[in-house]
Amino acid sequence: MIGILGAGSLGRLWGALLPNGCVAFMARPGEPIDSSVDFRFRPFEGPESSIQIPFLRTGDTPDLMLVTTKAGDTLSAVAGVIDQLPVDIPILLFQNGLGSQQAVAERWPERPILAASTTEGANRPEPWLLVHAGTGDTWVGPLTEQARFSVDRAVAMLEDSGLAIHPEPAILQRLWQKLIINAGINPYTAILNCPNGEILSAGLYQDTIDELCRELSELMSAAVQITETPDTLRQRIEQVAQNTAGNTSSMRADVLRKRQTEIDFINGYLAKLGNELGIDTPVNQMLTERVQQLSSH
């Protein structure tokens, strides 16, 4: 049994694609729950269907826990349920950005804490409808020493979804690669209120992207010893923006729905890291503050 903590788009995607009877949502303490989470699922290919996923029953123990909450909720969400889990149950974190994963691993270093980086696309245009908007790859790797022995087990369980799952010993580097893309696309889409592809011709983007990529390049080199030129990073960001031109980023969707964004774990994380490392990050700081202002209105 796989338990899923967090019933947003990504949590529902895994729930919909994993075999019936092998997955259940986990409720946080005090959280009002129905008997199941019911929604319509529109797969990337194939007909729409009705999905019904139960909640984990009292006394049941999952063999693997997926944490698909927003980054800002992750530490408190895990803290609320972790005492129900035996110490050897792998906990797999699916958060955007960086910072929340390290916080969980540092709080429970004796547990098998893993992180995932995924390029699967899912969104909820209506509360009752989940759309699998694009297929991709998912990489799984260890954040704690104990987790090194759980990677293959977690990958094997997730492969039952039919998605492409890969073990990744250097998961932190993989998370950094995704962080770069998110930092170069998501805040612009939120500030400009546009789909991914439209940022490329916008003045704000054109005026700041080279400086942003310089910041990103310096931070990567100092933090994880990945050497990539600013030009290479800009090319990668723009390729993804073009490939997903019609998509709405999760950050833009959060602003439109007046929900807390994950800016503090993307550009905000980078600005904080720059301060710690003595690297100037004025563009990351500017983007962070502008998205925070949107979220506060």
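The values are calculated or read from the model by the stated rules, or taken from the named source; none is laboratory data. The model shown is predicted, which means the values in this text are computed figures rather than measured ones. Glycine gets a Cβ as well: all are built from the backbone with ideal geometry, and neighbour counts include every protein chain shown. Ligands, DNA and RNA are excluded from the accessible area calculation, which covers all protein heavy atoms including side chains. Shrake-Rupley method; radii C 1.70, N 1.55, O 1.52, S 1.80 Å.
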Would you pick out the residues in region 256-272 that are open to solvent by 20 Å² or more (accessible area, probe 1.4 Å) and modelled with pLDDT of 95 or more? 264, 265, 269, 272
Select from region 224-239 the residues that are part of a loop (DSSP other than H, G, I, E, B) and open to solvent by 90 Å² or more (accessible area, probe 1.4 Å) and write down the one among them that is farthest from residue 184 (Cα to Cα). 225
Given 83, 88, 63, 38, which one is open to solvent by 70 Å² or more (accessible area, probe 1.4 Å), closer than 22 Å to residue 162 by Cα and of a type in the set (Asp, Glu)? 38
Provide a single number: the residues in region 138-152 that are aliphatic (A, V, I, L, M) and open to solvent by 10 Å² or more (accessible area, probe 1.4 Å). 2
Say whether the condition of being open to solvent by 70 Å² or more (accessible area, probe 1.4 Å) and not polar (S, T, N, Q) is met by at least one residue in region 184-196. no
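In this structure, is residue 166 surrounded by 18 or more Cβ atoms within 10 Å (Cβ to Cβ), in contact with a helix residue (DSSP H, G or I) (Cβ under 9 Å, 6 or more places away or on another chain) and outside any helix (DSSP H, G or I)?
Working: surrounded by 18 or more Cβ atoms within 10 Å (Cβ to Cβ): no; in contact with a helix residue (DSSP H, G or I) (Cβ under 9 Å, 6 or more places away or on another chain): yes; outside any helix (DSSP H, G or I): yes.
No, not satisfied.
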Strands (runs of 3 or more DSSP E) wholly in region 21-115 with at least 1 residues that are under 26 Å from residue 261 (Cβ atoms) - which ones? 23-25, 36-42, 64-67, 91-93
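Residue-wise test of (1) open to solvent by less than 40 Å² (accessible area, probe 1.4 Å); (2) under 30 Å from residue 21 (Cβ atoms); (3) at pLDDT below 95; (4) part of a strand (DSSP E or B).
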{"position": "122", "(1), (2), (3), (4)": "yes, yes, yes, yes"}
{"position": "154", "(1), (2), (3), (4)": "yes, yes, no, no"}
{"position": "159", "(1), (2), (3), (4)": "no, yes, no, no"}
{"position": "211", "(1), (2), (3), (4)": "no, no, no, no"}
Just to be sure I understand, how many residues within region 175-220 are hydroxyl-bearing (Ser, Thr, Tyr) and either under 26 Å from residue 140 (Cβ atoms) or in contact (Cβ under 8 Å) with a residue 24 or more places away in the chain (or both)? 3
With the condition kept exactly as written, say whether any residue in region 11-27 is open to solvent by 60 Å² or more (accessible area, probe 1.4 Å) and at positive phi. yes
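Is it fair to say residue 279 is modelled with pLDDT of 95 or more and not in a helix (DSSP H, G or I)?
Yes, satisfied.
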Out of all the residues in region 133-144, is one or more at pLDDT below 95 and of a type in the set (Val, Ile, Thr)? yes
I'm trying to understand the selection: among the residues of region 96-117, which are under 27 Å from residue 63 (Cβ atoms) and open to solvent by 10 Å² or more (accessible area, probe 1.4 Å)? 96, 102, 103, 105, 106, 107, 108, 109, 110, 111
Residue list for region 74-87, restricted to those being out of contact with any Pro (no Cβ under 6 Å at 6 or more places or on another chain) and either in contact (Cβ under 8 Å) with a residue 40 or more places away in the chain or under 17 Å from residue 15 (Cβ atoms) (or both): 77, 78, 81
Could you please find all residues in region 11-23 being modelled with pLDDT of 95 or more and touching a strand residue (DSSP E or B) at 6+ places or on another chain (Cβ under 7 Å)? 11, 12, 13, 14, 15, 16, 18, 23
